[in-house]
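S.K.: Got a structure for you, written out below as structure tokens; questions coming shortly.
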Amino acid sequence: MKQKIYRIAEGMNKKINFIVDHSFDLEVIFQGKNSSAEIIGLVRPKPHTNIIIQTKQIHNYPHSKSNLLIRSVIPEGSSVAYIGTIRIEKQARLSDAYQKNETMLLSDTSHIHTSPILEILNHDVKCTHGATVKPISEEELLYLQSRGIARSQAKEMIIQGFVDDIINK
Amino acid sequence: MKSSHLAISHLSAKTKEGKEILHDISLSFRSSKVYAIMGPNGSGKSTLAHVLMGNPEYKIQGDIMFNHKNIEKLLTEERARMGIFLSYQSPVAIPGVSVMQLLRTAYHFENCMKLTQLYAKKLHIDKTLLTRSIHDGFSGGEKKKIELLQALVLKPAFAIFDEIDTGLDVDALKVVAYGMNKLKKAGTGVIIITHYKRLLSYIPVDVVYVLSKGKLLKTGNRQLVTVIERKGYAGL
Amino acid sequence: MNRTLLPHPYAFGFHTKDVHEYKSKKGLNKEIVMDISFQKTEPDWMRSFRLKSFDVFLKKSMPGWGPSLSELTFADFYYYLKPIVSQAQSWSNLPKDIKETYDKIGIPEMEKKYLSGVSAQYESEVVYKSVQQTLTKKGVIFSDMDSAVREYPELVQTYFGTVIPTGDNKFAALNSSVWSGGSFIYVPKGVKVELPLQAYFRINAANMGQFERTLIIADEGSFVHYSEGCTAPIYSTDSLHSAVVEIIVKKGARVRYTTVQNWSTNVYNLVTKRARVEEEGIMEWVDCNLGSKLTMKYPSMYLVGRKARGQVLSIAYAGAGQIQDAGAKAIHIASETTSEIISKSIARDGGRTSYRGAVKIVHGAKHAKSRVVCDALIVDKDSRSDTYPMMDIQEQTASMEHEATVSKISDEQLLYLTSRGISSKEAQSMIANGFIEPIVKELPLEYSVELNRLIGLRMEGSVG
């Protein structure tokens, strides 16, 4: 499995982006205070593949901030197993960590397994995580169809929109 | 209510990071009088209110005296119990805690509920707001009225209103002025922090303090309000 | 809140001198299991169920996840205690000693007020039962489990062990071998039981295990609300509480199960609770975990019928030396099913709260919806909060939302309340109670008052 570790030094503000279609392990480890990391990722496996995505946001120093957003688009016969950990150690006071994982299942045989984990050992912090799995909105499909766009094409547009939105960030 | 006196003497205030917001200010306030604290944005008006209330975010030098006794070392709740009240500019929401509950706990007396409902009616506050989580999803105007409601029920010696007039329509302004007049008549020293004249046309002001860049720029009577309206703060 | 209303909660840490007719030897083996069955004069089918379960228990390993259970030694406990009196039909017939115990907890008042029926558990056996005539007239069965095995064998045999099979986990197997006491409820079709049915428990003798087994069957279109609240004395040696609750919610029925658990802080509380919800059925778990040294409890719902709904409202409070490892499980098997899990936890004085949850939507559960919200408050620097959710979605048309936040008591909120003259301690207490309010308001009145008071006292540091 491909692995990437980012160590964030004091005063550093890092932006990390990735687009993967294979298993991937990303670790962001804070090594100094007053630092931040913003991570945006798109996970889109090929059809009929099973991949594992692991992310870790490890806060060891005070005044550190991390923000992670991952979108997954899962085609037919594929599965994504996602484990996202935020760990705020005892000494990392006044740190903030956020994590959001949004998934779209494209077909009847798509599968997502997601485990966002929080381990918080300091009370003077703010920490949020969210995970959503949403079907392609019927409302959006009907809207596009009412503008003369064929349903299958409308579907493609919505999926592409979901993907592009994240690429643009 | 017996007559009270609140004064600050050579007061300076710094944030925790060391930025000085107030420089060597001296002001005094008395019961049953209405004061306006005015000044452009960033002049330190809100900070003054918070410092009077004892917000631990600020480090101060100088004296704060309530009835000629120093209170700088007192905790916020002790100052509140002595009779200092602050209506917040953007009051925080507290899920699961209603204003009714807050007042009952703050003042431990049975009449609280009836009194609260009475004033709520007079201030045109929807009674459902009394039992909902305080300030949670309330409109700007509703938040300000709920703050004023608390002052009316708690009957403090001094009530400080931090920009209560921002975002209120004419009807709400009139209602707020009514509440403040009521407080003044009952003996409260009303201190209104504001940018502009609006509210002040509905409530007769006795003293105007103008702050600028953390210092006391000018003191005057209600005519000063009109001068500011015409010439702006730069004209002083 | 009227301060003088309730006594200091650890006044519940009392015990009357042991009043027992029969006490099994310490530890657990096949003979003890046989003996338990013999003491209860059980039919053969239950005896063989116990023995088979014991075999499973021996073979099964401890859970490989969660907090450490290494200090738990099964050989250290007594697994059965039969008290002196058999069931009394009314309050006045209870022996004085037992009446005193319950007087202290305050049952008589509550009984007068609005209980429909009470099954009080003294040690491992139900001592007192009082079922009002209206219940019996409606065909509702509210009995203790031991009697139900004897009096309603067909009903019990049909459902016992069907929601939580013996092999489900080691503690379910343990309970299946040595269970004693617990409640049995059957509500016939279309019958709605308006008043909550309640039960009380106590652990008395040192090293006593509590293995109550509850089975609730709500037939089509019925409604019942069952609630249990426990208090237990404080002992220096550890106590084990491993209950099993099985609930069957049939088509269009609704069951609400409320628990307020306040075991003393030497108790291991490892509970398996699960409901099977059929078409258009509704299951509501309201679970409050305040006491015990370690609680592991995940009320579950298997949504097997179309449009079945399940909800878990969970509060956990962990103080010094406590671990609350609680959460919920929702398994969506049929279409248009919905689940909602709301968890609020508070960790203080070195306590540790963990939310552990699982939402599984299988392929074919069309348009299933699930929503999970878990909020945790860590009050001080020694405490800890974790969230371990797991979501497994295999249905394209399903939707799932999960949100968790961890924070401390906001300085801004504290400042606001103290600026109204409220002491900092009391302000913390108000904020903590406000935090759990959406769940507390779902509790029956006497629980919500006690709970608010308990949280208030703990937040102010008046009790541990």
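S.K.: In the stretch C:305-464, if every C-alpha pair distance is counted and binned at 5 Å from zero, what percent goes to each bin?
M.R.: Over the stretch C:305-464, the share of Cα pairs per 5 Å bin runs 2, 9, 17, 17, 17, 13, 10, 7, 5, 2, 1, 0 percent.
S.K.: Let me ask something additional. Calculated FRET efficiency, C:K189 and C:L51, Cβ-Cβ r, R0 25 Å, to nearest 0.05?
M.R.: Working from the Cβ atoms, E equals 0.10.
S.K.: In cubic angstrom, how much convex hull volume per residue do the alpha carbon atoms of chain A span?
M.R.: 103
S.K.: Grab the beta carbon distance between B:D24 and B:D206, set R0 = 25 Å, and tell me the FRET efficiency rounded to 0.05.
M.R.: That pair, B:D24 with B:D206, gives E of 0.55.
S.K.: Here's a follow-up. Taking 8 Å as the Cα distance limit and 6 or more residues as the minimum spacing, I'd like the relative contact order of chain B as a percentage. Let's see the in-between values first.
M.R.: Working: 449 pairs, mean separation 67.0, N = 236.
It rounds to 28 percent for chain B.
S.K.: For C:K307, what charge total do you get from the other residues with a beta carbon under 13 Å from its beta carbon, if Lys and Arg give +1 and Asp and Glu give -1?
M.R.: After counting each charged neighbour, the total is +2.
S.K.: Non-local amide H neighbours of A:A37 (under 5 Å, H modeled in plane, Pro and chain starts lacking H): which ones?
M.R.: HN-HN under 5 Å from A:A37: A:K14, A:K65, A:S66, A:N67.
S.K.: Working from Cα positions, state the angle (0 to 90°, nearest 10) between the long axis of helix B:170-185 and the longest principal axis of chain B.
M.R.: Result, in degrees: 80.
S.K.: For C:K189, give me every one of the lysines with a C-alpha distance below 21 angstrom, ignoring sequence neighbours fewer than eight places off in its own chain.
M.R.: The qualifying lysines are C:K137, C:K138, C:K250, C:K251, C:K307.
S.K.: Quick one: which residues, 5 or more positions from A:G77 or on another chain, have an amide H under 5 Å from its amide H? H modelled 1.01 Å from N in the peptide plane, none for Pro or chain starts.
M.R.: Answer set, sorted by chain and number: A:H48, A:T109, A:S110.
S.K.: Quick check on the protein assembly as shown: of the DSSP beta bridges with both residues there, what percent are antiparallel, nearest 5%?
M.R.: Percent antiparallel among DSSP bridges in the protein assembly as shown is about 20.
S.K.: Between B:L118 and B:A7, how high is the FRET efficiency from 1/(1 + (r/R0)^6) when r is the Cβ-Cβ distance and R₀ = 35 Å? Nearest 0.05.
M.R.: 0.55
S.K.: On to the next question. Over 31 Å between Cα atoms: which of A:K134/C:K344; A:K2/A:K100; A:K134/C:K273; B:K14/C:K344; B:K174/C:K425 fall into that group?
M.R.: Numbers: A:K134/C:K344 25 Å; A:K2/A:K100 22 Å; A:K134/C:K273 29 Å; B:K14/C:K344 38 Å; B:K174/C:K425 38 Å.
B:K14/C:K344; B:K174/C:K425, as the Cα separations exceed 31 Å there.
S.K.: On each of the three principal axes of the Cα atoms of the stretch B:26-122, give max minus min coordinate, whole Å, ordered largest first.
M.R.: 40, 31, 29 Å, listed from the longest principal axis down.
S.K.: Another one. Inside 10 Å of the C-beta atoms of C:429-438, what's the mean count of C-beta atoms belonging to other chains?
M.R.: Details: counts 1, 6, 4, 1, 3, 10, 4, 2, 6, 3.
Whole-number average of other-chain Cβ neighbours for C:429-438 is 4.
S.K.: Further, regarding this structure: What does the net charge come to around B:H5 if you take all other residues with beta carbon closer than 15 Å to its beta carbon, with K and R at +1 and D and E at -1?
M.R.: +3
S.K.: Taking the Cα centre of the protein assembly as shown as origin, work out the dipole magnitude from +1 charges on Lys and Arg Cβ and -1 charges on Asp and Glu Cβ, in debye rounded to 20.
M.R.: Values: 111 positive and 91 negative charges, 487 e Å.
Dipole magnitude for the protein assembly as shown comes out near 2340 debye.
S.K.: Turning to a different aspect of this structure: Across the residues of A:131-139, average count of Cβ atoms on other protein chains within 10 Å?
M.R.: Going residue by residue through A:131-139 and averaging, the value is 5.
S.K.: If you don't mind, there's one more thing I want to ask. In whole Hz and in residue order, list the ³J(HN,Hα) couplings for the stretch C:177-191 that follow from phi through the Karplus curve 6.51 cos²θ - 1.76 cosθ + 1.60, θ = phi - 60°; x for Gly and Pro.
M.R.: 7, 10, 4, 7, x, x, 10, 10, 10, 10, 10, x, 3, x, 8
S.K.: May I pose another question? What span do the alpha-carbon atoms of the stretch C:411-464 cover on each of the three principal axes, reported in whole Å from largest to smallest?
M.R.: 33, 23, 15
S.K.: Follow-up. Which order do C:M34, C:M145, A:M1 fall in if you start with the one that has the fewest other Cβ atoms within 10 Å?
M.R.: A:M1, C:M34, C:M145
S.K.: Just round it to a whole percent: the fraction of Cα-Cα distances in the protein assembly as shown exceeding 44 Å.
M.R.: Working: 156702 of 377146 pairs.
So the pairs more than 44 Å apart make up 42 percent of the total in the protein assembly as shown.
S.K.: Which net charge results when you count Lys and Arg as +1 and Asp and Glu as -1 among the other residues whose beta-carbon is under 12 Å from that of C:A253?
M.R.: +2
S.K.: Report the dimensions of chain B along its three principal axes from the alpha-carbon atoms, largest first, rounded to Å.
M.R.: 45, 40, 36
S.K.: Report, to the nearest 10°, how far helix A:151-168 tilts away from the longest principal axis of the Cα atoms in chain A, using its own Cα long axis and a range of 0 to 90°.
M.R.: 20
S.K.: What does the highest-first list of B:180-188, B:160-168 look like by mean Cβ count within 10 Å?
M.R.: The most tightly packed comes first, giving B:160-168, B:180-188.
S.K.: Right, here's the next one. List C:S239, A:S146 from most exposed to least, where exposure is judged by having the fewest other Cβ atoms within 10 Å.
M.R.: A:S146, C:S239
S.K.: Still on this structure: Using the structure shown, select from B:K114/B:K197; B:K144/B:K215; A:K14/C:K369; B:K16/B:K213 the pairs with a Cα to Cα distance greater than 30 angstrom.
M.R.: Pairs exceeding the cut-off: B:K114/B:K197; A:K14/C:K369.
Just so you know, all these numbers are worked out from the coordinates, no wet-lab data involved. From a predicted model like this one, the values you see are computed outputs, not experimental measurements. Neighbour counts run over all protein chains shown; Cβ positions are idealised from the backbone, glycine included.
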